[in-house]
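Undergrad: Please see the structure below; I have some questions.
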Number of protein chains: 2
Amino acid sequence: MSKKVINHPSDAVQETIDGFVMANKHSYKKLENHTGIVCKNLKDKVGVLVGGGSGHEPLFLGLIGEGLADGVALGNLFAAPTPDTITEVAKTIHADQGVIFVYGNYSGDVLNFDMAAELLEMEGIKVETVRVSDDIASAPAEKKEERRGIAGDMFVIKIAGAAAEKGMPLDEVVRVTKKANENTFSMGVALSPGTIPGETEPNFILEEDEIELGLGIHGEPGVEKKKMMPADELVNIMAERILEESTVTKGSEVCVLVNGLGSTTLMELLIVNKRVGEVLAEKGITIYAMDANSYCTTQEMAGFSITLFQLDEELKDLYDVPAIAPYYKKL
Amino acid sequence: MSKKVINHPSDAVQETIDGFVMANKHSYKKLENHTGIVCKNLKDKVGVLVGGGSGHEPLFLGLIGEGLADGVALGNLFAAPTPDTITEVAKTIHADQGVIFVYGNYSGDVLNFDMAAELLEMEGIKVETVRVSDDIASAPAEKKEERRGIAGDMFVIKIAGAAAEKGMPLDEVVRVTKKANENTFSMGVALSPGTIPGETEPNFILEEDEIELGLGIHGEPGVEKKKMMPADELVNIMAERILEESTVTKGSEVCVLVNGLGSTTLMELLIVNKRVGEVLAEKGITIYAMDANSYCTTQEMAGFSITLFQLDEELKDLYDVPAIAPYYKKL
């Protein structure tokens, strides 16, 4: 038996949902017979539905709440939610103003969310989709639509939630959410792997002194292996690449997220955050807000990602809309 | 070089503080020449000072803020803060109503905080101390004052901060904080060790299929080694021991904290939380609030602790006072 604190692996997702709803029973309820959770206090506004595979907690279940998403559809470990689950969550949160799906750009998710959208359209529920594609290491800039979604989910979901909260109509919520995604740029580095509950082997292998830039949150191959190096050097390299691949430049204003992938400590994330702040200051880039936390994880994988979210006045106003969820707050 | 994302180990604590203050610069400032952080917006009330060794983040630096502590004194990795640092933090937050020290009951901390208290008394600043001693595995019930402090810090600091925020005088803040400590009972389990930045060896050793009940957050020996087992069985054993060693009984009302020690995932913590909730319900114990998060960590150590905080009307009122810090919220 691996040292995961679980019961049977096939029950892990359902028990995670049960534990989450038990801890937050005044605010959320789970759907019967589906791995979905919805807010109890639904408002008359565009519905925001997020989701994806389990195993990356607190993403996505920790992101439903005030000023954020209204419901989450969860798949099994590293697997997309079923069309059925997505459809049920959408119907539950729908308030006659349509629903926006916001999720990471992975083929399994695309397939199932698109199928759910078709089913919902047949029932007269208008659905629009924004796929998060912030990982600059996963495809070149000219193929942004092929990039994967990683910790940048946080900003894109935050903006979708804020736009809906402000009462924007569906097409406007979609417009600003797409803009948020276009303005979000991340890169990660892996130091050591995680293991999915029930598996006996980790999801990738790295040598004792080796790290991999751009390695994905399911173990997708990265762009370059390197020897372990001091934090500042590593941040310099990653920040340089993010700036090259993004529209962020001197005079830009950004929010920064340093996201831990699992077992990388908050101490390390804060040390990284310090250097990110220094690099941006050196480049004449203004920092509006910074956050260092482990939001988008891959089990006990070690490593982190850096995300820059480029602001304009509209996105800044939306970023400032309060958001409260069990594992996120913007007050 | 170990795979810690740091620069030089001797700079890790200072750089952590810099990264923290940079991310939260509107609310906090660091002290010059000391590893201490204070709130910028100090109020005319009893000062609440927390602290301890670094390496357990977000404890303690993540716990300064509204309705919580006013300042934190940090030591080096797993080492007590110096009397000098404690004294400087205390002087900065002191508003002529005295200061309460709240910290975990470890000999190094006791020595240095007591020395600081003497120095401050000589300068006319009234200091009182409450040492958190929630770890039931660290000493028998009749020697509660010898028990160590672990994740129960969260509740005891929460109550001290709330009492000060409400304008209670020092002796009253001390009374309710002591009561909070007397009503807080935790037990932990270790699955795999962490490594201190700069060290090459982990802080303890466990076999591949072995876990240790009651192992401390610095690797202090626990009470019993066991084979790895399913989550529910493990929770049953731990909850039973906590209930035996505590005053919590049928009809009691409690807050629950399932605290991750580092690399144990939120998925696992929520699965544990579910079973804790079920066990308490079976025993006729009322749950007022539940939280599953990694607040008191030991680097990338795997494992968790369960804390029960027994409420009475006064403690419940204080628990309900809003508290906001970078890594904690109670709204």
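The values are calculated or read from the model by the stated rules, or taken from the named source; none is laboratory data. All figures in this text were calculated on a predicted structure; none of them were measured in a lab. Note: ideal-geometry Cβ built from the backbone for every residue, glycine included; neighbour counts use all protein chains shown. Surface accessibility is based on the protein's heavy atoms, side chains included, excluding ligands, DNA and RNA. Shrake-Rupley method; radii C 1.70, N 1.55, O 1.52, S 1.80 Å.
Undergrad: Looking at the stretch B:265-272, can you tell me whether even one residue there is open to solvent by less than 10 Å² (accessible area, probe 1.4 Å), farther than 21 Å from residue A:326 by Cβ, at pLDDT 95 or above and within 12 Å of chain A (Cβ to nearest Cβ)?
TA: No, that holds for no residue.
Undergrad: Looking only at the stretch B:304-331, which residues are at the interface with chain A (Cβ under 9 Å from one of its Cβ atoms) and of a type in the set (A, V, I, L, M)?
TA: B:324, B:331
Undergrad: Could you check, for the stretch A:273-283, whether at least one of its residues is buried (at least 18 other Cβ atoms within 10 Å of the Cβ) and either closer than 26 Å to residue A:195 by Cβ or away from every other protein chain (no Cβ under 14 Å) (or both)?
TA: no
Undergrad: Being among the polar types (S, T, N, Q) and either touching a strand residue (DSSP E or B) at 6+ places or on another chain (Cβ under 6 Å) or crowded, with 19+ Cβ neighbours inside 10 Å (or both) is the filter here; which residues of the stretch B:8-18 pass it?
TA: Selection gives B:16 alone.
Undergrad: State all residues of the stretch A:37-78 that are over 17 Å from residue A:104 (Cβ atoms) and not in a loop (DSSP other than H, G, I, E, B); if no residue qualifies, say none.
TA: Listed by number, the residues that qualify are A:37, A:38, A:39, A:47, A:66.
Undergrad: Okay, next question. Please count how many residues of the stretch B:199-224 are surrounded by 13 or more Cβ atoms within 10 Å (Cβ to Cβ), closer than 19 Å to residue B:298 by Cα and either over 24 Å from the mean Cα position of the chain (by Cα) or more than 9 Å from chain A (Cβ to nearest Cβ) (or both).
TA: Here the count works out to 17.
Undergrad: Given A:6, A:17, A:64, A:93, which one is in contact with a helix residue (DSSP H, G or I) (Cβ under 6 Å, 6 or more places away or on another chain) and among the aliphatic types (A, V, I, L, M)?
TA: A:6
Undergrad: Within the stretch A:71-109, restricting attention to residues that are under 15 Å from the mean Cα position of the chain (by Cα) and more than 22 Å from residue A:197 (Cα to Cα), which residue is surrounded by the fewest Cβ atoms within 10 Å (Cβ to Cβ)?
TA: Ranking the qualifying residues of the stretch A:71-109, first place goes to A:105.
Undergrad: While we're on this one: From the list B:284, B:277, B:303, which one is of a type in the set (Gly, Ala, Ser), closer than 22 Å to residue B:241 by Cβ, part of a strand (DSSP E or B) and assigned by TED's automatic domain parsing to the domain that holds residue B:204?
TA: B:303 is the lone residue from the list that is of a type in the set (Gly, Ala, Ser), closer than 22 Å to residue B:241 by Cβ, part of a strand (DSSP E or B) and assigned by TED's automatic domain parsing to the domain that holds residue B:204.
Undergrad: Quick check, is residue A:33 in a strand (DSSP E or B) and either more than 18 Å from residue A:328 (Cβ to Cβ) or in contact with an Asp or Glu (Cβ under 7 Å, 6 or more places away or on another chain) (or both)?
TA: No: the conditions fail for residue A:33.
Undergrad: Collect the residues in the stretch B:19-40 that are within 14 Å of another protein chain (Cβ to nearest Cβ) and either open to solvent by 40 Å² or more (accessible area, probe 1.4 Å) or under 20 Å from residue B:93 (Cβ atoms) (or both), keeping them in residue-number order.
TA: Within the stretch B:19-40, B:20, B:21, B:22, B:24, B:25, B:26, B:27, B:28, B:30, B:35, B:37 qualify.
Undergrad: Something else about it: Can you spot a residue in the stretch B:291-303 that is within 13 Å of another protein chain (Cβ to nearest Cβ) and among the β-branched types (Val, Ile, Thr)?
TA: So far as the stretch B:291-303 goes, yes, one or more of its residues are within 13 Å of another protein chain (Cβ to nearest Cβ) and among the β-branched types (Val, Ile, Thr).
Undergrad: When residues of the stretch B:289-300 are filtered for being more than 16 Å from the chain's Cα centre (by Cα) and either in contact (Cβ under 8 Å) with a residue 60 or more places away in the chain or not assigned by TED's automatic domain parsing to the domain that holds residue B:206 (or both), how many remain?
TA: Residues that pass the stated criteria total 1.
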